[in-house]
Amino acid sequence: MTTEETLKLIALNDKHIELGAKMVPFAGYSMPLQYSALTEEHKTVRKGVGVFDVSHMGEFFLKGPNALALIQKVTSNDASKLVDGQAQYSCLPNDQGGIVDDLLVYRIADESYMLVVNASNIEKDWNWIAKHNDLDVEMTNESDDYSLFAVQGPLAVKALQKLTDVDLSAIKYYHFQIGEMANIANVIISATGYTGAGGFELYVKNEDAAALFDAVMEAGQAEGILPIGLGARDTLRLEMGFALYGNDINDTTSPLEAGLGWITKFSKEFTNSAALLAQKEAGVTKKLVGFEMIDRGIPRKGYTILDIDGNEIGEVTSGGQSPSLEKGIGMGYVQKAFSKKETEILIQIRKKQVKAVIVRPPFIKQ
């Protein structure tokens, strides 16, 4: 277990403590879990605007004539489709049928890319990509140099537009611009996020992080901006049915089982693509599904999923109370025969078997 002494600190650690954040160990970092009530933070992002400090995420830069070829080799999605200023969701398949990590691939220029990876997997991902780099691609791990603020919610454009001449409403979903914000040059302004509420992710060098964070908080005052912790980040992503690495996807889950066939492109060869194509043709035996509780109860990771007769058919991978729906929701793997929408199931919550129904995420329709 990571001790307090060995936890890494994000650049604005002291600021979050000043703002009253409850700090917790997460992926080897000390991170803000919440500042106020989780439900209040959640609803602030759904209806207004909030800012998450997610500076624990990893940033790798790949450069050179073979940068794209290396990305094509190690990722499942087709990065050749990207144009400058576009990002793509993808995953790094391992050679056993599972997933090393899920990530974002940013095309900065013809021979210049940024990969954004999960904090808990920075070293693992770096080693995995480096192991496959027999193409002389220049790789730099700048994870410790960058801060990342996710300014999320329907009022994010209104709040942030006060700080930049870049036309934020013109940046399409999964596109980005590198421009000036709050008088800070070279901020990567990306129309991405993990909440389904709209908004931007802002990549900035650590030395400018405090100035940008303060400017964002001040600019968003009229819109009721609040700092938001990892607790609400989890409930927001769960309502959208977004997979969380370590819960819903991991080294043993196939992208096809996880419903990530849409980022698994067999128009090219990549790590383990032949085996995954064979799995696609044969059909998967288990599937990641979403479910809503019919009866009262809060599903949690690790709870057993049963069929209506009480036979074990799977396991919950993510679950909790949805602040928007005011009921329990979750995701989990079930045998394929039970994966159809509207199939009734049971969740074993301590000693009770509680009724739920399979639904297709997102759980909330924006």
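All of the numbers you see were taken from the coordinates with simple rules; none came from a lab. Keep in mind that this is a model prediction, so the values were computed, not measured. Cβ sites come from the backbone with ideal geometry, for glycine too, and all protein chains shown count toward neighbours.
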Cα-Cα separations in segment 231-356 greater than 25 Å, expressed as whole percent
27
Output the DSSP H helices from the chain with an along-axis C-alpha extent of no less than 27 Å and a mean Kyte-Doolittle hydropathy no less than 0.0.
none
Count neighbours as other Cβ atoms within 10 Å of each site's Cβ, and list the GluC sites (Glu not before Pro) in segment 196-272 that are DSSP loop with at most 13 such neighbours.
GLU269
Here is the link list: LYS47/LYS327; LYS124/LYS172; LYS47/LYS162; LYS22/LYS43; LYS63/LYS205; LYS301/LYS352. Which ones come out longer than 23 Å on Cα distance?
LYS124/LYS172
Whole-Å distance linking the alpha carbon centroid of segment 262-314 with that of segment 161-209 is 34
Report the residue, chosen from ASP167, ASP78, ASP307, that carries the largest GNM mean-square fluctuation when the chain is represented by alpha-carbon nodes joined by springs under 10 Å.
ASP167
Of the listed peptides 97-106, 84-93, 18-27, what is their order by residue-averaged count of other C-beta atoms within 10 Å, with the highest listed first?
97-106, 84-93, 18-27
In segment 196-211, which residues have a backbone nitrogen under 17 Å from the label point lying 7 Å from ILE178's Cα in the Cα-to-Cβ direction?
201-208
For ILE189, the net charge from surrounding residues (Cβ-Cβ under 11 Å; K, R +1; D, E -1) works out to -3
Using only alpha carbon pairs under 8 Å that are at least six residues apart, calculate the relative contact order of the chain and give it in whole percent.
17
Answer rounded, prolate or oblate for segment 42-155, using the Cα gyration tensor with square roots of eigenvalues a ≥ b ≥ c: rounded when a/c is under 1.5, else prolate when a/b is larger than b/c, else oblate.
prolate
Computed over segment 58-141: relative contact order in percent, which uses C-alpha pairs under 8 Å that are six or more apart
40
At a threshold of 8 angstrom on Cα-Cα distance, excluding pairs fewer than six apart, so keeping six or more, what relative contact order does segment 23-104 reach in percent?
14
What dipole magnitude, in Debye to the nearest 20, does the chain give about its Cα centre under +1 on Lys/Arg Cβ and -1 on Asp/Glu Cβ?
1640
Counting only other residues whose beta carbon sits under 11 Å from that of PRO93, what net charge do I get with K and R as +1, D and E as -1?
-3
Using the crude model of +1 on Lys and Arg Cβ and -1 on Asp and Glu Cβ, and no other charge, please compute the dipole size for segment 80-218 relative to its Cα centre, in debye to 20.
640
If you average the alpha carbon positions of segment 30-90 and of segment 135-160, how far apart do those two centres end up, in angstrom?
7
Collect residues whose amide H, placed 1.01 Å from N in the peptide plane, falls under 5 Å from the amide H of SER76; neighbours closer than 5 in sequence don't count.
CYS91
Give the residue from LEU38, VAL359, LEU277 lying farthest towards the positive end of the charge dipole for the chain; charges sit on Cβ (+1 for Lys and Arg, -1 for Asp and Glu) and the dipole is referred to the Cα centre.
VAL359
